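What follows is a short report on a single structure.
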Amino acid sequence: MSAIVAYTRVSTDDQTSENQRRTITERYKVDKWFSDDGVSGTVAATQRAGLSALLGYVRDGDIVVVAAIDRLGRNTLDVLNTVEALKETGASVISMREGFDLATPAGKLMLTMLAAVAELERENLKARQLAGLERARAEGKHLGRKKTVNDAEVVAWRAENSASIKATAEHFHISVASVKRACAVQR
């Protein structure tokens with residue numbers, strides 16, 4: 001007997017999958033729920049506990065329902081691989097927002113196009129963020145955390161005590177990388 005299986009995912013711990021659950025239960029009587037809360041869509045499907053469990057659970061004839069295709073992932077290849085893995089079990093996938101069955105040829109075409117658009121938007125967002133950082137640097141704004149260690153003090157203490165990089169890091173309660181940076185700056 002086939003089952004209706006639902007999958008929900010939210011990217012951060014302060015979000016809730018309740019809206020996705022409500023959307024799905026309005027149309028489907030779900031037999032089994034799987035969820036990944038606080039897991040980014042950029043994390044590969046096989047690395048997500050909930051989706052991995054779903055992949056191990058579904059059987060031939062089951063219907064996997066998601067509120068939207070981006071719940072499966074944000075990377076085109078990963079979403080396609082997930083859908084293919086589900087199809088290999090004999091399950092079909094329905095994406096409610098997009099309104100299609102991903103097991104059909106037309107559904108797979110739409111999935112490929114939508115996943116590619118989602119990935120393009122993600123890359124555009126990343127490009128806009130980098131442009132904003134470059135603009136801020138050009139305007140002389142300091143980016144990142146304020147420095148908590150005085151490079152000259154680190155280098156001087158290390159020289160006075162003939163200390164190793166590791167011992168210097170432990171003395172100042174900083175990382176080895178911070179000591180190496182301080183030494184490189186003071187040359």
(message) It is to be established whether one or more residues within region 110-122 are assigned to a loop (DSSP other than H, G, I, E, B), small (Gly, Ala, Ser) and modelled with pLDDT under 90.
(response) no
(message) List the residue pairs whose Cβ atoms are under 7 Å apart, where the first residue sits in region 60-85 and is at pLDDT below 80, the second is assigned to a loop (DSSP other than H, G, I, E, B) and among the β-branched types (Val, Ile, Thr), and the two are 6 or more positions apart or on different chains.
(response) Arg74/Thr42; Asn75/Thr42
(request) Tell me which residues, restricted to region 6-60, are open to solvent by less than 40 Å² (accessible area, probe 1.4 Å), hydrophobic (A, V, I, L, M, F, W, C) and touching a Phe, Trp or Tyr at 6+ places or on another chain (Cβ under 7 Å). (result) Ala6, Phe34, Leu51, Leu54
(request) Could you pull out the residue among Ala6, Ala53 that is part of a helix (DSSP H, G or I) and touching a residue at least 12 places away in the same chain (Cβ under 8 Å)? (result) Ala53
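Sort out which residues of region 69-84 are within 20 Å of Ser40 (Cα to Cα) and either out of contact with any strand residue (DSSP E or B) (no Cβ under 8 Å at 6 or more places or on another chain) or part of a loop (DSSP other than H, G, I, E, B) (or both), and write them in order of number. Working first, answer last.
Here is the first cut: in region 69-84, the ones within 20 Å of Ser40 (Cα to Cα) are 69-83.
Residues satisfying the conditions are Asp70, Leu72, Gly73, Arg74, Asn75, Thr76, Leu77, Asp78, Val79, Leu80, Asn81, Thr82.
Identify all residues within region 31-50 that are outside any loop (DSSP other than H, G, I, E, B), under 12 Å from Val10 (Cβ atoms) and not acidic (Asp, Glu); write none if there are none. First the steps, then the outcome.
To start, the set of residues in region 31-50 that are outside any loop (DSSP other than H, G, I, E, B) comprises 32-37, 45-47, 49-50.
Keeping just the survivors that are under 12 Å from Val10 (Cβ atoms) gives 35-37, 50.
Result: Ser35, Gly50.
Out of everything in region 104-152 that is among the acidic types (Asp, Glu) and in contact with a helix residue (DSSP H, G or I) (Cβ under 8 Å, 6 or more places away or on another chain), what residue ends up being most open to solvent (accessible area, probe 1.4 Å)? Spell out the reasoning first.
As a first pass, look at region 104-152 and keep what is among the acidic types (Asp, Glu): 119, 121, 123, 134, 139, 151.
Subsequent filtering for residues that are in contact with a helix residue (DSSP H, G or I) (Cβ under 8 Å, 6 or more places away or on another chain) retains 119, 151.
On the way: Glu119: 61, Asp151: 20 Å².
Only one residue tops the list, namely Glu119.
The values are calculated or read from the model by the stated rules, or taken from the named source; none is laboratory data. Note that the coordinates shown come from a computational prediction; the quantities given were computed from them, not determined experimentally. For neighbour counting, all protein chains shown are included, and Cβ atoms are generated from backbone atoms with ideal geometry for every residue, glycine included. Remember, those area values only see protein heavy atoms, side chains included, never the ligands or the DNA or RNA. Shrake-Rupley method; radii C 1.70, N 1.55, O 1.52, S 1.80 Å.
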